[in-house]
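The values are calculated or read from the model by the stated rules, or taken from the named source; none is laboratory data. Just so it is clear, the structure is predicted and the values come from calculations on it, not from any experiment. Virtual Cβ from ideal backbone geometry, glycine too; neighbours counted across all protein chains shown.
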Amino acid sequence: MTLAGVLHALVSSLAAIPPAEWAAVVLALAYLLLALRQDPWCWACAIASSAIYLALFSQGGLVMQAVLQVFYIFMGAYGWWAWRGGRAVAAGRALPVSCWAATTHAGAVAAVLVATLVNGWIVAGSQGGLVPYVDAFVAWASVLATWMVARKVLENWLYWIVVDAVAAALYWSQGFHATSVLFVLYVVIAARAYFAWRTDYLRAGTNPAGPTHA
């Protein structure tokens, strides 16, 4: 296929995307941009976007992605509380950016891989193929990374770079083209967000209290 043919197919695919998916995409993008700025309103956008995706993924047969949206909705509520009404806020200070120790990361990654293999094996028993494993990986890794965002753990953005790249391929293969393009953009924004949060983390290190570790 020529380049012109590829571009025509891409434009045609994007033009056929339903309004509901576009709404979810816009809200999801707003969530990420606000999270980059550590604005607690990002969680309101996350809840709205997840509610739409819950319906879309249920209809599209991505079981784990649909279940993941339920988790996102609850985490949106928790993130709003943690960033606006948690213990740090009650004490008169914003929840600080923190880092995890290498051992914590190792344990978290191992847990995600085990959950992926078990979950993927169970779902693959009825569906077959590689998709259930990829779907499970995106779901469980997203659970971990979302918790890290809610707790303002710096490395969450490094996790998201990997998760978003894998998710982009998964969503494209399942026909969610606008969402796939969004997740490619997510990779770029996640990289930018990492350096933005890292600047805040290092700046906190110049204060008497110093940076914190989650």
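Does Trp80 satisfy the condition of being more than 24 Å from Gly175 (Cβ to Cβ), without any contact (Cβ under 8 Å) to a residue 12 or more places away in the chain and not β-branched (Val, Ile, Thr)? Answer is no for this residue. Tell me, please, whether a residue that is β-branched (Val, Ile, Thr) and surrounded by fewer than 16 Cβ atoms within 10 Å (Cβ to Cβ) can be found in the range 124-145. No. Residues that are of a type in the set (S, T, N, Q) and buried (at least 22 other Cβ atoms within 10 Å of the Cβ) within the range 50-68 comprise Ser50, Gln65, listed in sequence order.
Regarding the range 162-172, can at least one residue be identified that is over 16 Å from the mean Cα position of the chain (by Cα) and either in a helix (DSSP H, G or I) or buried (at least 18 other Cβ atoms within 10 Å of the Cβ) (or both)?
Scanning the range 162-172 turns up at least one residue that is over 16 Å from the mean Cα position of the chain (by Cα) and either in a helix (DSSP H, G or I) or buried (at least 18 other Cβ atoms within 10 Å of the Cβ) (or both).
Within the range 40-60, residues that are in contact (Cβ under 8 Å) with a residue 60 or more places away in the chain reach partners that are crowded, with 22+ Cβ neighbours inside 10 Å and outside any helix (DSSP H, G or I) with beta carbons closer than 8 Å, at six or more positions or on different chains, in the pairs Leu56/Phe176; Gly60/Phe176.
Scanning the range 173-188 for residues that are among the polar types (S, T, N, Q) and assigned to a loop (DSSP other than H, G, I, E, B) yields a count of 1.
Return the total of residues in the range 116-140 being under 21 Å from Ala168 (Cβ atoms) and among the aliphatic types (A, V, I, L, M). Final tally of qualifying residues: 7. Listed here are the helices (runs of 4 or more DSSP H) enclosed by the range 1-77 that have at least 1 residues being at pLDDT 85 or above and closer than 26 Å to Arg151 by Cβ: 19-36, 42-60.
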